[in-house]
Amino acid sequence: MATDIFAQMKTMGHEQVLLSNDPSCGYLGIVAIHDTTLGPALGGTRFWQYESTDEAIIDALRLSRGMTYKSAVAGINLGGGKSVIIGDNHRPDREALFRAHGRFIETLGGRYITAEDIGTSPADMEYIKLETDHVAGLLGLSGDPSPVTAYGVYVGMKAAARVCWGKDDLSGKTVAVQGCGKVASHLAQHLHEEGARLIVTDIDAEKVKRVVEATGARAVDPEEIYDQDADVYAPCALGATVNDDTLPRLKVDIIAGGANNQLAEDRHGDLLEKRGILYAPDYVINGGGVINVYGELHRWPAERSLKKAGEIYETLLRIFEIARTDRIPTYRAADRLAEQRIAAVAGLDRMWMGGQRGRGVAGQQGSGVQI
């Protein structure tokens, strides 16, 4: 059944969904803009071989909504967007493809800013930069956001440990890390240095080998990661790995990882709550990436971005406390915190107007973020 895009947009609160095609280089791109209340929509470009256009659109919708909430909870003045390119992300001829993507982004006049994501790199962002200024994660600037993202996941895991076990010491704890990509490898290094025991997996054997050699982790087959006796499950690959199949198999106290959209459906967050598994909401704990890009846009020194990512620790403690006092699952507590900030700012500024200053509902002059 084809996706009813307008119904999905209405349900999820999106402002725009745009599609672009350039047959000369095989470019098929989608940009989803969720909400620009807080500022221009920021979200990385994901390059992936989707099974269908519907699947790609749904991914863009979900990821862009997550970016809105991620920026809101992180306390930065950006909205939420996401773009996807449908195709083989291993193709070597990348310049024309990403220049086409850059031209597509340029048509939006600054309402959407892109950056690196799964299947793309800082080098790809340089091609986009040839066609538009609305791109971050560039070589020589903030570049690869994965070290900052991983640090945020690490401190967020420590916050979860503090709530779950009474102290945030992870030494001696067993962490099952799904994925051995850039974020996961940096996270594994932090955990190894603290003395945690690691179990790792990835569909790419070479990535697994590098993490095992660097940290002494024990490797398992991808499908076996859900069955491990561990203290923490850290999903750091694609989303929806907490689902009807995997959830009954998990033998952990905490879920805290760098992947987006870790819950296949909201009800899986409810089921985690019933099972007594503490879930660190994905868009909160992995917010270091958007913080890193925001720092680049505002020319922060690297130390400031890392310090800001460290605030994820306190943000999660606040969310866990809201969940406890209001007796709601942690993912709902995170949504509540994000929506409160968006609603507060919406009273001052409506839609971001491409650098122009817009008037709030009370006639007050509001400030847009100019990039």
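The values are calculated or read from the model by the stated rules, or taken from the named source; none is laboratory data. Computed from a prediction, not measured in an experiment: that's the story for all the values here. Here the Cβ positions follow ideal geometry from the backbone for every residue, glycine too, while neighbour counts run over all protein chains shown. SASA here: full protein model, heavy atoms, side chains in, ligands and nucleic acids out. Shrake-Rupley method; radii C 1.70, N 1.55, O 1.52, S 1.80 Å.
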Restricting to region 322-371, what's the tally of residues that are modelled with pLDDT of 95 or more, surrounded by 14 or more Cβ atoms within 10 Å (Cβ to Cβ) and not in a helix (DSSP H, G or I)? 2
Just give me the residues in region 113-125 being of a type in the set (A, V, I, L, M, F, W, C) and open to solvent by less than 40 Å² (accessible area, probe 1.4 Å), in sequence order. Ile113, Ala115, Met125
If Lys274 passes every condition in (1) surrounded by 20 or more Cβ atoms within 10 Å (Cβ to Cβ); (2) not in a loop (DSSP other than H, G, I, E, B) but one, which one does it miss? (1)
Has region 220-230 got any residue that is more than 23 Å from the chain's Cα centre (by Cα), open to solvent by less than 30 Å² (accessible area, probe 1.4 Å) and among the hydrophobic types (A, V, I, L, M, F, W, C)? yes
Single condition Arg162 does not satisfy, out of (1) more than 16 Å from Glu314 (Cβ to Cβ); (2) open to solvent by 10 Å² or more (accessible area, probe 1.4 Å): (1)
Could you check region 126-151 and list, in sequence order, the residues that are open to solvent by less than 10 Å² (accessible area, probe 1.4 Å) and either touching a residue at least 40 places away in the same chain (Cβ under 8 Å) or of a type in the set (D, E, K, R) (or both)? Ile128, Ala136, Gly137, Ser146, Ala150
Could you tell me which numbered condition Thr37 fails, if it satisfies all but one of (1) under 27 Å from Glu311 (Cα atoms); (2) out of contact with any Lys or Arg (no Cβ under 9 Å at 6 or more places or on another chain)? (2)
Quick check on this structure: which one of Arg249, Arg299 is within 21 Å of Val208 (Cβ to Cβ) and of a type in the set (Lys, Arg)? Arg249
The condition of being within 18 Å of the chain's Cα centre (by Cα), of a type in the set (Val, Ile, Thr) and closer than 15 Å to Asp282 by Cβ holds, among Thr114, Thr149, Thr120, only for Thr149
Among (1) within 30 Å of Leu317 (Cα to Cα); (2) free of Cβ contacts under 8 Å to residues at least 40 places away in the same chain, there is one condition Tyr50 misses while meeting the rest; what is its number? (1)
Picking from Tyr294, Tyr283, which residue would you name as being open to solvent by 10 Å² or more (accessible area, probe 1.4 Å), under 21 Å from Gly80 (Cα atoms) and in contact with a Gly (Cβ under 7 Å, 6 or more places away or on another chain)? Tyr283
Per the list (1) over 17 Å from Gly29 (Cβ atoms); (2) open to solvent by less than 10 Å² (accessible area, probe 1.4 Å); (3) outside any loop (DSSP other than H, G, I, E, B), residue check on Gly110 breaks on (3)
From the list Glu296, Glu273, pick out the single residue that is at pLDDT 95 or above and of a type in the set (Asp, Glu). Glu273
All but one of (1) open to solvent by 10 Å² or more (accessible area, probe 1.4 Å); (2) closer than 25 Å to Glu303 by Cβ hold for Arg99, so report the exception by its number. (2)
Is it fair to say Leu316 is open to solvent by 20 Å² or more (accessible area, probe 1.4 Å), assigned to a helix (DSSP H, G or I) and aliphatic (A, V, I, L, M)? no
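Mind checking which residues of region 139-170 are part of a helix (DSSP H, G or I), among the hydrophobic types (A, V, I, L, M, F, W, C) and closer than 12 Å to Leu191 by Cβ? Can you show your working first?
Quick first cut of region 139-170, residues part of a helix (DSSP H, G or I) only: 146-165.
Imposing the further condition that a residue be among the hydrophobic types (A, V, I, L, M, F, W, C) reduces the set to 148, 150, 153, 155, 157, 159-161, 163-165.
Correct list: Ala150, Val153, Val155, Met157, Ala161.
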Elements of type strands (runs of 3 or more DSSP E) contained in region 1-93, each with 1 or more residues being at pLDDT 95 or above, within 28 Å of Tyr294 (Cβ to Cβ) and open to solvent by 40 Å² or more (accessible area, probe 1.4 Å): 16-22, 45-48
Is one or more of the residues making up region 177-188 hydroxyl-bearing (Ser, Thr, Tyr), within 28 Å of Asp93 (Cβ to Cβ) and within 16 Å of the chain's Cα centre (by Cα)? no
Failed item in (1) within 17 Å of the chain's Cα centre (by Cα); (2) at pLDDT 95 or above; (3) of a type in the set (A, V, I, L, M, F, W, C), with Leu247 passing the rest: (1)
Hey, Gly102 hits all of (1) in contact with a Leu (Cβ under 8 Å, 6 or more places away or on another chain); (2) at pLDDT below 95 but one; which does it fall short on? (2)
